[in-house]
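To keep things clear, I will list the structure first and then write my remarks on it.
The values are calculated or read from the model by the stated rules, or taken from the named source; none is laboratory data. Note that the structure is a prediction, hence the values are computed from the model and not measured. A quick note on method: Cβ atoms are made from the backbone with ideal geometry, for glycine too, and the neighbour counts reach across all protein chains shown. Each accessible area value is taken on the protein alone, full model and side chains, heavy atoms only, with ligands, DNA and RNA left out. Shrake-Rupley method; radii C 1.70, N 1.55, O 1.52, S 1.80 Å.
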Amino acid sequence: MAYEPPAPEDTTPVHTLPHVHTQHHHTALNHSADGTAPDPGGPGARREQAVTDKAVASFATAHDERLREVMQALVRHTHAFVREVRLSEDEWRQAVAFLTAVGHTTTATRQEFVLLSDVLGLSMLTVTVNDSAPDAAPVRDGVSESADATEATVFGPFFLEDSPGIEPGGDIARGAVGEPAWISGTVSEPGGRPIAGARIEVWEADSDGMYDVQYDGGRRAARGHLHTDAEGRYRFWGLTPTPYPIPADGPVGRLLDAARRSPMRASHLHFMVTASGFRRLVTHIFVAGDPYLGTDSVFGVKESLVHDFVRHEPGTPTPDGRVIAGTWTSAVFDIVLPAEEPSH
């Protein structure tokens, strides 16, 4: 599946990306606006450090300890970045213009800042930092609370709170185009005990690579929510996931284009699973054999989340007796939720 990024419609400065002078790439640590970085022990370096020290100290009065910790670390690391790349004032202005464009592109149904976080790997790193490690997880009834837990991945920019509810075996497609897919599985705790009444939110793109919110008219399609039964089981009809590009018509898309990076996401179906007493899980199921598994534009693929979507020929009986004229697929995705960590 070849993808050609669209040409930007607006080429005004607010939508351009910071221009980096490629002739300085190999000596970025040794050059600044006046040609050289200051001697590490010299007066220039001391002046730079004084600015950082004052900015860090300015947050020392924050009443919230966590706010103080986060903001002081943010100042230290952003200042270190400026010193490392010897950021020019022109590059700073263009960076501000780029972030302004990201803000202007963000709407109630399109989160360009989430998209920026995704392509920088920040979203996936945050998920990874907060995913319980098995060797540090609490143990209940002799079973690690995270040893078998389903891995989390990125949230993405297209979740909506008001998804339509469906009954077990219902269809989330609601007119979205694509090959039908029967998705089933269980939700359980580590050790295998089923979780009844867990809420499962699912959403996906259609076969044209578009989410419902990317169309005009406010329709709701290829998304919905359902609950597990008394045995922790769930089942529904959706669409066979297909690869698609993240929105490339905004500043984030132009950033990828400038970096010669593919905007393609590996085929996936979003899940968000919640149940009282258990950690919320945001994850995907990916399609085995997808050509973009190794180059997913938001770094969201995890091997444990890659599953077979078995394709069935036309006329093959479906699990619920639904008559389908063409091909359809089926996949099983069993989900394990760790217990909620106690608040301190």
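Rundown of residues vs (1) among the small types (Gly, Ala, Ser); (2) open to solvent by less than 10 Å² (accessible area, probe 1.4 Å); (3) in contact with a Pro (Cβ under 7 Å, 6 or more places away or on another chain); (4) under 21 Å from residue 296 (Cα atoms), yes/no style:
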site	(1), (2), (3), (4)
155	no, no, no, yes
165	yes, no, no, no
191	yes, no, no, no
196	yes, no, no, no
207	yes, no, no, yes
212	no, yes, no, no
227	no, no, no, no
237	no, yes, yes, no
245	no, no, yes, yes
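Filter segment 134-153 down to residues that are farther than 15 Å from residue 300 by Cβ and at pLDDT 60 or above and give me whichever is surrounded by the fewest Cβ atoms within 10 Å (Cβ to Cβ).
The residue in question is 148.
Kindly list the number of the only condition in (1) touching a residue at least 12 places away in the same chain (Cβ under 8 Å); (2) more than 25 Å from residue 277 (Cα to Cα) that fails for residue 198.
For residue 198, the exception is condition (2).
Conditions (1) over 24 Å from residue 156 (Cβ atoms); (2) open to solvent by 70 Å² or more (accessible area, probe 1.4 Å); (3) modelled with pLDDT under 95; (4) in contact with a His (Cβ under 8 Å, 6 or more places away or on another chain), marked per residue:
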| site | (1), (2), (3), (4) |
| --- | --- |
| 67 | yes, yes, no, no |
| 76 | yes, yes, no, no |
| 82 | yes, no, no, no |
| 89 | yes, yes, no, no |
| 93 | yes, yes, no, no |
| 103 | no, no, no, no |
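So if I check each of 60, 33, which one is modelled with pLDDT of 95 or more and loosely packed, with under 12 Cβ neighbours inside 10 Å?
60
Is at least one residue of segment 113-133 modelled with pLDDT under 85, over 22 Å from residue 203 (Cα atoms) and loosely packed, with under 13 Cβ neighbours inside 10 Å?
yes
Looking at 308, 334, which one is without any contact (Cβ under 8 Å) to a residue 60 or more places away in the chain and open to solvent by 80 Å² or more (accessible area, probe 1.4 Å)?
Among 308, 334, only 308 is without any contact (Cβ under 8 Å) to a residue 60 or more places away in the chain and open to solvent by 80 Å² or more (accessible area, probe 1.4 Å).
Which one is most open to solvent (accessible area, probe 1.4 Å), of the residues in segment 320-331 that are within 30 Å of residue 280 (Cα to Cα) and under 32 Å from the mean Cα position of the chain (by Cα)?
330
Using beta carbons and a limit of 6 Å, which pairs, at least six apart or on different chains, have the first residue in segment 57-84 and in a loop (DSSP other than H, G, I, E, B) and the second one surrounded by 12 or more Cβ atoms within 10 Å (Cβ to Cβ)?
Listed by first residue and then by second, the contacts come to 59/68; 59/71; 59/72; 62/68.
Kindly provide the set of residues from segment 167-184 that are in a loop (DSSP other than H, G, I, E, B) and surrounded by 15 or more Cβ atoms within 10 Å (Cβ to Cβ), ordered by number.
First, pick out the residues of segment 167-184 that are in a loop (DSSP other than H, G, I, E, B): 167-170, 172-179.
Within segment 167-184, 169, 170, 172, 173, 174, 176, 178, 179 qualify.
Got a sec? Which strands (runs of 3 or more DSSP E) wholly within segment 254-344 have at least 3 residues that are at pLDDT 95 or above and over 17 Å from residue 151 (Cβ atoms)?
Values: elements: 268-274, 281-287, 310-312, 328-332.
Hits in segment 254-344: 310-312, 328-332.
Would you mind stating whether residue 2 is modelled with pLDDT under 95, open to solvent by 60 Å² or more (accessible area, probe 1.4 Å), part of a loop (DSSP other than H, G, I, E, B) and farther than 30 Å from residue 292 by Cα?
no
Any residue in segment 154-178 that is over 20 Å from residue 330 (Cβ atoms) and hydroxyl-bearing (Ser, Thr, Tyr) sitting within a Cβ distance under 7 Å of a residue that is modelled with pLDDT under 95 and open to solvent by 30 Å² or more (accessible area, probe 1.4 Å)? List the pairs, counting only those 6 or more apart or interchain.
163/220
All but one of (1) at pLDDT 95 or above; (2) assigned to a loop (DSSP other than H, G, I, E, B); (3) hydrophobic (A, V, I, L, M, F, W, C); (4) touching a strand residue (DSSP E or B) at 6+ places or on another chain (Cβ under 7 Å) hold for residue 187; which doesn't?
Going through (1) at pLDDT 95 or above; (2) assigned to a loop (DSSP other than H, G, I, E, B); (3) hydrophobic (A, V, I, L, M, F, W, C); (4) touching a strand residue (DSSP E or B) at 6+ places or on another chain (Cβ under 7 Å) one by one, residue 187 breaks only (2).
Give the residue that is farthest from residue 255 (Cα to Cα), with candidates limited to residues of segment 283-305 that are of a type in the set (Ser, Thr, Tyr) and surrounded by 17 or more Cβ atoms within 10 Å (Cβ to Cβ).
To start, the set of residues in segment 283-305 that are of a type in the set (Ser, Thr, Tyr) comprises 283, 292, 295, 297, 304.
Checking the rest, the ones that are also surrounded by 17 or more Cβ atoms within 10 Å (Cβ to Cβ) come to 283, 292, 297.
Values: 283: 26, 292: 19, 297: 12 Å.
Per the criteria, the residue is 283.
Return the only residue of 267, 262, 276 being farther than 29 Å from residue 310 by Cα and of a type in the set (Ser, Thr, Tyr).
The unique qualifying residue is 276.
Quick one: is residue 280 closer than 29 Å to residue 234 by Cβ, surrounded by fewer than 17 Cβ atoms within 10 Å (Cβ to Cβ) and without any contact (Cβ under 8 Å) to a residue 12 or more places away in the chain?
It is true that residue 280 is closer than 29 Å to residue 234 by Cβ, surrounded by fewer than 17 Cβ atoms within 10 Å (Cβ to Cβ) and without any contact (Cβ under 8 Å) to a residue 12 or more places away in the chain.
Filter the strands (runs of 3 or more DSSP E) completely within segment 199-253 down to those with at least 3 residues that are modelled with pLDDT of 95 or more and closer than 20 Å to residue 322 by Cβ.
Filter on segment 199-253 gives 223-227, 233-239.
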